[in-house]
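Everything below concerns the one structure shown next.
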Amino acid sequence: MSLIPLFHTYTKPDDTIDKPGLLTMLQERFPHFLSACNQRGTDYLSHVFEDKDKNGDQKIQFSEFLSLLGDIATDYHNQSHGAAPCSGGARQQPARGLQGRQ
């Protein structure tokens, strides 16, 4: 997945993504992530736009988009180390014999 074409798939003529566009992108491109959040009782979609719209202009610029993708990528990375999906990074204790390895 190339980030710039992904961003431009959902942008408006002003090169930003509005709230419906962001929600559509997440539902189409990251359905497993959203499903995991919903199973944990975390309604990710209800607050992600406001969390990422740092300047409060009701639009997601490219840098804000990258921040969102970074959060999702970090969640997947943390899962590879034992964290539950959509856990905000809380990791489980390493299995015996794996302590000290990174």
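Which ones in segment 7-18 are within 17 Å of Ser67 (Cα to Cα) and free of Cβ contacts under 8 Å to residues at least 40 places away in the same chain?
Scanning segment 7-18 gives His8, Tyr10, Thr11.
Being open to solvent by less than 70 Å² (accessible area, probe 1.4 Å) and of a type in the set (Asp, Glu) is the filter; apply it to segment 16-55 and report the residue that is farthest from Ile72 (Cα to Cα).
So the residue we want is Asp18.
Has segment 80-93 got at least one residue that is in contact with a Lys or Arg (Cβ under 8 Å, 6 or more places away or on another chain), open to solvent by 50 Å² or more (accessible area, probe 1.4 Å) and at pLDDT 90 or above?
Yes - at least one qualifying residue is present in segment 80-93.
Given the criteria open to solvent by less than 70 Å² (accessible area, probe 1.4 Å), acidic (Asp, Glu) and either within 19 Å of Asp43 (Cβ to Cβ) or at pLDDT below 65 (or both), does Asp75 qualify?
yes
Those residues that are surrounded by 11 or more Cβ atoms within 10 Å (Cβ to Cβ) and more than 15 Å from the chain's Cα centre (by Cα), I need them from segment 1-11; list them, please.
Result: His8, Thr9, Tyr10, Thr11.
So, in segment 56-72, exactly how many residues are touching a helix residue (DSSP H, G or I) at 6+ places or on another chain (Cβ under 9 Å), without any contact (Cβ under 8 Å) to a residue 40 or more places away in the chain and exposed (fewer than 14 other Cβ atoms within 10 Å of the Cβ)?
1
The values are calculated or read from the model by the stated rules, or taken from the named source; none is laboratory data. Here the structure is a predicted model, which means the values were calculated and not measured. Virtual Cβ from ideal backbone geometry, glycine too; neighbours counted across all protein chains shown. Note: accessible area is taken over every heavy atom of the protein model, side chains too, but ligands, DNA and RNA are not part of it. Shrake-Rupley method; radii C 1.70, N 1.55, O 1.52, S 1.80 Å.
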